[in-house]
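Note sheet for the following structure.
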Amino acid sequence: MTEVWRNWSGSERAHPVRVLRPTRTEEVAASVAEAARDGLRVKAVGSGHSFSGVAVAPGVQVRLDRLAGLNSVDRESGLVTVGAGMPLWRLGPLLASHGLALEIMGDIDRQTVSGAVSTGTHGSGLRFGGIATQVRALQLVLADGSVVRCSADERPELFRAARVGIGALGVVTEVTLQCVDQFALHARDTAMPVAEVLDRVDELTEDNDHFEFFWFPHSETALTRRFRRLPADAPLKPIGALTRRVDETVSGLGFEGLCRLGTAVPALVPPIARFAARAMSAREWTDLSPRVFASPRDVRFHEGEFAVPREHAVDALREIKRWIDATGERVSFPLEVRFSAADDIWLSTAQGRESCYIAFHQYHRMPYRRYFEACESILGSYGGRPHWGKMHTLDADALRPRYERFDDFVALRDGLDPTGVFANPYLDRVLGLAPEAVPVSDRVGLPA
């Protein structure tokens, strides 16, 4: 019997019929062909950091941790090819050893490269797109077991879709990334009145290479975070090892304790949130980009996130705050607000528009559904698109009008995988059933 698989937050689980850990693309191809013959669905899984059911595998689970090599590096062009299972926390130091870096990263580096790309993971900065915009080629195993490459010049339609393919088009086994020369970031954390942040948000996003902020809804204070890009040979002033350990202990165990207290006595959540907002410290440091972009997440939580057109960001945030104040909802985690450039990837949440990402969280032991449903409704009223790797309840009918190329993506999926080899309950919901597929609960050998 296989073990029960759970994602990082504990919100999703699966008991796969088979678990495979291939070391070569050919093994992935053989396993996909075999699963299709046996009437089983196939899902690749990376680190399990997605909060949604995008990587849940009731049938054949393909773990990519052994497809994690640095396959090629071209220092002159900056093109780097890696195995799909390469974790971002490992990739950063490997690139640095060649004088290279990812142009942009998210704020967590636990994901695999293919997982981050496929779900539309992003950082913050109006001049930068998500991680998928750095992809220059992909290698995939299709539903018939064939292995194909796609790029802007080779199978361009597949490439336009597969960069944020949410696992629906095939198993990604290799990713070629356009990297940049290694660089440093000067970081400045500053607490500001949230009213001032909202009034100045356009200025702050335009005047900084990277800008984001965190806002506890029960407080009037936001922690702003500004990054300025510097050459790699700029003088570094990193956070000291001892300070970093203390910060991680306080933000981890300390905040965990406060969240547990708020769970036991919900009336304490608002004052705890105000205390946490006041405790957010102002500081500056300079370090190489991977050590600044990403930070640890030691306290487990549930998370949803929607991308709204940038011009609606302030109105949407104020409406969420009004709802919380009116209902008395207790929210233990801050809203996280980030920004990105528009791109042309079919199912990217930033497709065709500059975007503001508003992420809402709740401690994993506390009730979250009413709050998340309210955020989903409010952000949806502004044309919000849900992050594919985070929690939401939308289905294909709700998502279709939010994406110009939604039907093109589904048509491509239907042609490549008509029987739904790569589907799962989440993809059945957000894309609809493939034309010859049956629901997962009706497939032989799979639990309801």
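The values are calculated or read from the model by the stated rules, or taken from the named source; none is laboratory data. All values reported here derive from a predicted model rather than from experimental measurement. Positions of Cβ are backbone-derived with ideal geometry, glycine not excepted, and every protein chain shown enters the neighbour counts. Protein only, heavy atoms only, side chains kept; ligands, DNA and RNA dropped before computing areas. Shrake-Rupley method; radii C 1.70, N 1.55, O 1.52, S 1.80 Å.
Summarise the accessible area of the chain (1.4 Å probe, protein heavy atoms) by the percent that is carbon and sulfur. Percent of accessible area from carbon and sulfur atoms in the chain: 51.
Distance between the C-alpha centers of the range 281-313 and the range 21-67? Whole Å please. Answer, in whole Å: 29.
Projecting the Cα atoms of ALA35, LEU416, SER72 onto the charge dipole of the chain, computed from C-beta unit charges around the Cα centre, puts ALA35 farthest toward the positive end. In terms of its Cα atoms, the chain spans 59, 52, 41 Å along the principal axes, sorted from long to short. In a reduced charge model with +1 at each Lys and Arg Cβ and -1 at each Asp and Glu Cβ, the range 270-344 shows a dipole moment near 460 debye about its Cα centre. Which residue fluctuates the most in the chain, going by a Gaussian network model with Cα springs under 10 Å, if the choices are MET192, MET391, MET86? Highest fluctuation of the listed residues: MET192.
Using the Cβ of TYR368 as centre and a radius below 11 Å, the other residues enclosed give a net charge of +1, where K and R count +1 and D and E count -1.
Rounded to the nearest 20 debye, the dipole size of the range 61-133 about its Cα centre is 180 debye, using +1 on the Cβ of Lys and Arg and -1 on the Cβ of Asp and Glu. Toward the positive end of the charge dipole of the range 128-168, with +1 on the Cβ of Lys and Arg and -1 on the Cβ of Asp and Glu, the farthest Cα among SER146, ALA162, VAL135 is that of VAL135.
For the range 18-169, just say rounded, prolate or oblate: build the C-alpha gyration tensor, square-root its eigenvalues into a ≥ b ≥ c, call rounded for a/c under 1.5, and beyond that prolate if a/b exceeds b/c, oblate if not. Here the range 18-169 falls in the prolate category. Sequence-distant contacts, meaning Cα pairs under 8 Å at least 6 residues apart, place the relative contact order of the range 18-104 at 25 percent. The H on the amide N of LEU64, modeled in the peptide plane, is under 5 Å from the matching H of VAL45, each at least 5 residues off or on a different chain. Solvent exposure of the chain, expressed per residue, is 40 Å² of accessible area, with all protein chains present and a 1.4 angstrom probe. Residues of the range 112-145 falling in the label zone of ALA234, defined by backbone nitrogen less than 19 Å from a point 7 Å along Cα to beta-carbon, are 123-129.
So how strong a dipole does the chain carry about its Cα centre when Lys and Arg Cβ are +1 and Asp and Glu Cβ are -1, to the nearest 20 debye? Can you show the working numbers first?
Details: 53 positive and 58 negative charges, 258 e Å.
So the magnitude is around 1240 debye.
Beta bridges from DSSP with both residues in the range 1-130: antiparallel share about 50 percent, rounded to the nearest 5.
Note on the range 342-448: Cα Rg divided by 2.2 N^0.38 Å, N the number of residues, gives 1.21.
The mean sequence distance of close C-alpha pairs (under 8 Å, at least 6 residues apart), as a share of the length of the chain, puts its relative contact order at 18 percent.
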